[in-house]
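Here, each number is a calculation from the coordinates, and none is a lab measurement. Computed from a predicted model, the values in this text were never measured in an experiment.
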């Protein structure tokens with residue numbers, strides 16, 4: 001059986017909040033290593049800022065090690081998606097994640113404030 005993801009794929013990971021005071025993180029990165037259900041990704045953190053009501057991308061690149069489980073939602077990004085250009089736009093019912101080019105992901109699940 002083939003693995004769910006492969007090295008070199010780009011992913012957007014939305015971590016599900018487990019409580020009202022849980023800091024909300026998302027991460028966009030490229031898979032640089034994997035063992036079983038453990039992924040190592042290089043990319044960018046997005047942290048929910050209550051003052052703006054939006055997810056703000058940290059300016060520096062980092063690496064994260066994550067386990068594929070049901071506390072996160074994984075989106076496969078196109079190979080040409082520019083991770084360093086990803087931003088979030090919000091309207092009343094949607095969170096739109098875009099790289100300013102052809103990539104645009106509309107996420108209604110995480111649009112709520």
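Over all directions, average the projected area of the Cα convex hull of region 10-80 and note it in nm². Intermediate values should be presented prior to the final figure.
Details: hull surface 21.4 nm².
The directionally averaged projection comes out at 5.3 nm².
Taking 42, 85, 28 as the candidate residues, the one with maximal mean-square fluctuation in a Gaussian network model of the chain, Cα springs under 10 Å, is 85.
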